[in-house]
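**Student:** I am attaching a structure below and will ask some questions about it afterwards.
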Amino acid sequence: MANEYFQRLIRCLDQEAEAETAETVRLSRRASGDQAERTGSSLVDLAIRDETAGFGGRVIVTLGKKDRRLELPWTRLNSGTPIVLSEQKSMEHAGWRGVITDRDRETITVVLGDSPETEADRPVYRIDLSSDEIARQRQKEALRRAETAERGPLAALRSRILGENPPDFRPARDWTSLSPLDDSQRAAVTHALAAEHLAIIHGPPGTGKTTTVVELIRQAVRRGERVLACAPSNLAVDNLFERLLAAGEKVIRIGHPARVLPQLREHTLDLLVESHPDLKLAREWTKEAWTLRRQASKFTRTAPAAGARRDAREEAKRLLQDAKQLESRLVEYLLDSAQIVCATLTGLNNDLLRDRQFDLAVIDEAAQTTEPPCWIPILRSRRLVLAGDHCQLPPTVTSSEAKRNGFHVSLMEKLVKQFGESISRRLTTQYRMHAQIMQFSSNEFYNGELVAADSVRAHRLADLPGMEDSPMTQTAIRFFDTAGSHCAEQTETEGSSHENPGEAEFVAWQVNELLHAGVHASDIAVITPYSAQARLLRGLITEADVEIDTVDGFQGREKEAVVISLVRSNAKGELGFLTDTRRMNVALTRARRKLIVFGDSATLANHEFYLRLLEYFEQQDAYGTVWEIPQPNV
């Protein structure tokens, strides 16, 4: 069984790699310029603005548009994203692989292994999203090792994950909270601490999942355990890392410093090594070694003493070995002194961690990743706790063949289906949303179990300072029906995504109403399922601090006010990937105080989920039509 199970995952990894490569080739064949940038995965017509030395011999390059009057367009290329920098007109050089470390409106900064040198006069560059082949190889290696494990903690944990044996739980022990917890959070920590092999913390939107996970990690440390804290993304890892640092825990972060938030970099392994006094001696030895090497290779008029060149080279070799050993011992010391190690799933480096083992591995946001990366920390751990929410968006999978093989089903979702409530504890008090914003999703996805905390149950925009007192700020939810209006969907001119210009005009109007009511632009988000509609909205909404993105790009985020544009409006009642209701669960749960939805009831009502959504807005006296508001000029 194990052999078939892991070979299927390896095949899915290969299928996904092929699909990603094909998609990259397809995009690269598109015309350059605006069309390339519209995907959000490329930036073109760039010139180098600055170049400096970076961490560990790396090179930091800052680029901006060749035409300095232009700002960078919207892009998904964010801090921590792997990229390829290439000369725009050159077909000979494969480019330079790197990582984005910073970005603002005018410039983007990348960290490269080598300086981008070209023979062109005033070269023009482009940046493209890159796959991470090292990460893929680490996943394959982990799957092969898990497949062949015959005994020990790994074999025991694998048998539970594969469903060959049920998860076991010890009798609960008393423990004292290190931070304030509600009853469901405390129950989840107790459950996870009692797990012999495997447990799940199910954290619906706004229920304090990170608080709960941090408490679990700190309690495990108090019991003398070493903990490996992981997540699929650098941002999610940094969220845990920052909270653990603030709590005073002995924690260290491994991974590329450029992928870590700037305010946390001084606590990463790389920079702790670089700043350690002992490393100064290693640097002196390295410098001396290279001096000896140069001297041994230098031509002299007088022949050196017999064996002198050989002795110089041997001394240089010894100095370099001593420097490397000193740096290695320093790394070992720093890792051994930390009770908690934080890293992304694929950032766990065997050369760095060697045979280090942990008592507990915690994977946060576990429902947002495919299964193979999870096996990397599993190899090093006696127990595993997954935290996340499988009722929100699943992992992104490009290959249709891999999807047919179940690759889009996360390990967390699989285990919940496999073991049911025995393995999982759900957090039930939410601290983000007004009760009316929360209730529909609670009923649809969480058996109606969510309860809004007193601090948020009735909070409104009107309660914020400087806010206009009006129906806009006094109420929490509103649905505007576009049925029968001029709002009709269409396919974008270049591409296959959908847009709805009429609905976009109404959304832009509503954003202006929020701004006029006193809501800060930075407290407003506009969310839509379709990238084409997001691009259209960015052209209509000129206030730069209003965040506009797809549902997928906004998972894990929140704003005081959220406006949703559902886009689909057609005679056939086709909804496309709106039929993945988990996508709508994400969209509906991002707002804290005000949720506004635009959609066509005639199209939406063909689906049971959206019919219930429409009925909910009616029951809450929050249903209206766009005929009630000024008609935009279209």
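**Student:** Leaving ligands, DNA and RNA out of it, rank Met472, Met438 by accessible area with a 1.4 Å probe, largest first. Walk me through the numbers before you get to the answer.
**Tutor:** Numbers: Met472 35, Met438 5 Å².
Result, largest first: Met472, Met438.
**Student:** If I fit a long axis through the Cα atoms of helix 2-28 and take the longest principal axis of the Cα atoms of the chain, what angle between them do I get, 0 to 90°, rounded to 10?
**Tutor:** 80 degrees
**Student:** Put a dot 7 Å past each Cα toward the Cβ at Asp621 and Arg145; how far apart are the dots in nm?
**Tutor:** Between Arg145 and Asp621, the simple spin-label model gives 6.2 nm.
**Student:** Let me ask something else about it. Read phi for every residue in the range 181-191 and hand back ³J(HN,Hα) as whole Hz from Karplus 6.51 cos²θ - 1.76 cosθ + 1.60, θ = phi - 60°, with x for Gly and Pro.
**Tutor:** Rounded to whole hertz, the list is 10, 8, 4, 6, 5, 5, 5, 5, 5, 4, 4.
**Student:** While we're looking at this one, here's another question. Just the Cα atoms of the range 494-625, one point each, no solvent: what log10 I(q)/I(0) does Debye give at q = 0.15, 0.19 Å⁻¹?
**Tutor:** -0.68, -1.12
**Student:** Can you list residues whose amide H is under 5 Å from Glu196's amide H, if they're 5+ apart or on another chain and H is modeled 1.01 Å from N?
**Tutor:** Distant-sequence amide H within range of Glu196: Asp168, Phe169, Arg170.
**Student:** Answer rounded, prolate or oblate for the range 433-515, using the Cα gyration tensor with square roots of eigenvalues a ≥ b ≥ c: rounded when a/c is under 1.5, else prolate when a/b is larger than b/c, else oblate. Walk me through the intermediate numbers first.
**Tutor:** On the way: a/c = 2.81, a/b = 1.49, b/c = 1.89.
Cα axes put the range 433-515 in the oblate bin.
**Student:** Give me the accessible area per residue for the range 380-423, probe 1.4 Å, as a whole number in Å². Show your work: numbers first, answer last.
**Tutor:** Values: 1700 Å² over 44 residues.
It amounts to 39 Å² per residue over the range 380-423.
**Student:** Follow-up. Could you please state how large a percent of the accessible area of the chain is carbon and sulfur, counting protein chains only and using a 1.4 Å probe? All intermediate terms of the calculation are to be shown ahead of the outcome.
**Tutor:** Values: 13550 of 28970 Å².
For the chain, the apolar C and S fraction of the accessible surface comes to 47 percent.
**Student:** Could you work out the relative contact order of the range 403-476, using alpha carbon pairs under 8 angstrom and six or more residues apart, expressed as a whole percent?
**Tutor:** Once divided by the residue count of the range 403-476, the mean separation gives 24 percent.
**Student:** To test your reading of the geometry: what angle, between 0 and 90 degrees and rounded to tens, separates the Cα axis of helix 152-161 from the longest principal axis of the chain?
**Tutor:** For 152-161 against the chain, the angle is about 20 degrees.
**Student:** Let me ask another. Work out from phi, with θ = phi - 60° and the Karplus expression 6.51 cos²θ - 1.76 cosθ + 1.60, the ³J(HN,Hα) of each residue of the range 60-71, listed in order in whole Hz, and give x for Gly and Pro.
**Tutor:** Once θ is set to phi - 60°, the couplings for the range 60-71 become 9, 10, 9, 10, x, 4, 4, 7, 4, 6, 9, 8 Hz.
**Student:** Can you list the residues, at least 5 places off or on another chain, whose amide H is less than 5 Å from the amide H of Arg592, using H built in the peptide plane?
**Tutor:** When sequence neighbours closer than 5 places are left aside, the close amide H contacts are Lys559, Glu560, Ala561.
**Student:** Going by amide H atoms built from the backbone, whose H comes under 5 Å of the H on Arg49, apart from near neighbours?
**Tutor:** The list, which skips near neighbours in sequence, is Thr62, Leu63, Gly64.
**Student:** Please compute the length gained on full extension between Glu558 and Ala246, using 0.36 nm multiplied by the number of residues separating them and subtracting their Cα-Cα distance.
**Tutor:** Numbers: separation 312, 0.36 × 312 = 112.32 nm, distance 2.23 nm.
Length gained between Glu558 and Ala246: 110.1 nm.
**Student:** Quick one: net charge of Arg97's neighbours, Cβ under 12 Å, K/R +1, D/E -1? Please report the intermediate quantities before stating the final value.
**Tutor:** Working: positive: Arg58; negative: Asp114, Asp128, Asp132, Glu133.
Once positives and negatives cancel, what remains is -3.
**Student:** Return one whole number: the accessible area per residue of the range 180-242 in Å², for a 1.4 Å probe.
**Tutor:** Details: 1610 Å² over 63 residues.
Computed with neighbouring chains in place, this is 25 Å² per residue.
**Student:** Mind checking the full-extension length gain between Ile134 and Glu274? Use 0.36 nm per residue of separation minus the Cα-Cα distance, one decimal, nm. Could the numbers behind the result be given before it?
**Tutor:** On the way: separation 140, 0.36 × 140 = 50.40 nm, distance 2.41 nm.
Going from the current span to full extension adds 48.0 nm.
**Student:** Could you tally the net charge around Asp549, taking each other residue with its Cβ under 14 Å from the Cβ of Asp549, Lys/Arg +1 and Asp/Glu -1?
**Tutor:** Details: positive: Arg76, Arg535, Arg538, Arg557, Lys559, Arg583, Arg590; negative: Asp545, Glu547, Asp552, Glu558.
For residues surrounding Asp549, the net value is +3.
**Student:** Sticking with this structure for a sec: Which whole-number value in Å² is the accessible area per residue of the range 34-170, probe 1.4 Å?
**Tutor:** Working: 7390 Å² over 137 residues.
Ligands and nucleic acids excluded, the figure is 54 Å² per residue.
**Student:** Right, here's the next one. Quick one: Karplus J couplings for the range 329-339, per residue in order, coefficients 6.51, -1.76, 1.60, θ = phi - 60°, nearest Hz, x for Gly and Pro?
**Tutor:** Along the range 329-339, the couplings run 5, 5, 4, 4, 4, 5, 5, 5, 7, 8, 7 Hz.
**Student:** Under unit Cβ charges (Lys, Arg +1; Asp, Glu -1), what dipole magnitude, rounded to 20 debye, does the range 365-498 have relative to its Cα centre?
**Tutor:** Values: 13 positive and 16 negative charges, 181 e Å.
My answer is approximately 860 debye.
**Student:** Which whole-number percentage describes the relative contact order of the range 196-275, with Cα contacts under 8 Å and a sequence gap of 6 or more?
**Tutor:** On the way: 48 pairs, mean separation 15.0, N = 80.
Relative contact order for the range 196-275 comes out at 19 percent.
**Student:** Continuing with this model, one more query. Give me the distance in nm between label points sitting 7 Å out from Cα along the Cα-to-Cβ direction at Arg404 and Thr118, one decimal.
**Tutor:** Using points 7 Å along Cα→Cβ, the separation is 4.2 nm.
**Student:** Computed from the coordinates I sent, Kirkwood radius over Cα pairs in Å equals one of [x] 28.8; [y] 27.2; [z] 27.9. Tell me the label.
**Tutor:** [y]
**Student:** Out of all DSSP beta bridges in the chain, what portion is antiparallel? Express it as a percent rounded to 5.
**Tutor:** Working: 33 of 83 bridges.
Antiparallel: roughly 40 percent of the beta bridges in the chain.
**Student:** Also: Quick check: from the Cα gyration tensor, does the range 96-148 come out rounded (a/c under 1.5), prolate or oblate? Don't skip to the end; give the middle numbers.
**Tutor:** On the way: a/c = 4.07, a/b = 2.34, b/c = 1.74.
Here the range 96-148 falls in the prolate category.
**Student:** Using a/c under 1.5 as the rounded threshold, could you call the range 371-415 rounded, prolate or oblate? The axes a ≥ b ≥ c are square roots of the C-alpha gyration tensor eigenvalues, and prolate needs a/b larger than b/c, oblate otherwise. Numbers along the way, then the final one.
**Tutor:** Working: a/c = 2.79, a/b = 1.59, b/c = 1.76.
Oblate shape, in that a/c is at least 1.5 and b/c is the bigger or equal ratio.
**Student:** Please give the calculated 222 nm ellipticity per residue for the chain, where each DSSP H segment of at least 4 residues contributes -39500 (n - 2.57) and the sum is spread over every residue; nearest 500 deg cm²/dmol?
**Tutor:** Values: 22 runs with 246 residues, N = 634.
Counting only the DSSP helices, I get -12000 deg cm²/dmol.
**Student:** For the chain, what is the charge dipole size about the Cα centre, in debye to the nearest 20, if Lys and Arg each add +1 at the Cβ and Asp and Glu each add -1 at the Cβ? List each step's numbers first, then the result.
**Tutor:** On the way: 82 positive and 92 negative charges, 526 e Å.
So the dipole magnitude of the chain works out to roughly 2520 debye.
**Student:** Treat each spin label as a single point 7 Å out from the Cα along the C-beta direction, and report the Ala544 to Arg457 distance in nm.
**Tutor:** Using points 7 Å along Cα→Cβ, the separation is 4.2 nm.
**Student:** Considering only Leu345, Gly466, Leu240, whose Cα is most displaced toward the positive end of the charge dipole of the chain, charges sitting on Cβ of Lys, Arg (+1) and Asp, Glu (-1)?
**Tutor:** Among Leu345, Gly466, Leu240, the one farthest towards the positive end of the dipole of the chain is Leu345.
**Student:** Using r as the Cβ-Cβ distance of Thr190 and Leu464, and R0 as 41 Å, what FRET efficiency do you calculate, to the nearest 0.05? Mind dumping the intermediate values first?
**Tutor:** Details: r = 37 Å, r/R0 = 0.90.
Computed FRET efficiency for Thr190 and Leu464 comes out at 0.65.
**Student:** Which log10 I(q)/I(0) values, to two decimals, does the range 480-550 give at q = 0.11, 0.13, 0.14, 0.24 Å⁻¹ under the Debye formula with one point per Cα?
**Tutor:** -0.27, -0.37, -0.43, -1.09
**Student:** Also, I was wondering about something else. Report the local net charge at Arg383: Lys and Arg +1, Asp and Glu -1, summed over other residues whose C-beta lies under 12 Å from its C-beta. Mind dumping the intermediate values first?
**Tutor:** Working: positive: Arg160, Arg170, Arg223, Arg226, Arg380, Arg382; negative: Asp168, Glu196, Glu225, Asp359.
Charge balance near Arg383 sits at +2.
**Student:** Relative contact order of the chain: what whole-number percent is it, with Cα pairs under 8 angstrom and at least 6 residues apart? Can you show the working numbers first?
**Tutor:** Values: 1162 pairs, mean separation 76.6, N = 634.
Across the chain, relative contact order equals 12 percent.
The values are calculated or read from the model by the stated rules, or taken from the named source; none is laboratory data. Keep in mind it's a predicted model, so treat the numbers as computed, not measured. When we count neighbours, we look across all protein chains shown, and the Cβ atoms used for this are built from the backbone with ideal geometry, even at glycine. Note: areas computed on protein heavy atoms with side chains; ligands, DNA, RNA excluded. Shrake-Rupley method; radii C 1.70, N 1.55, O 1.52, S 1.80 Å.
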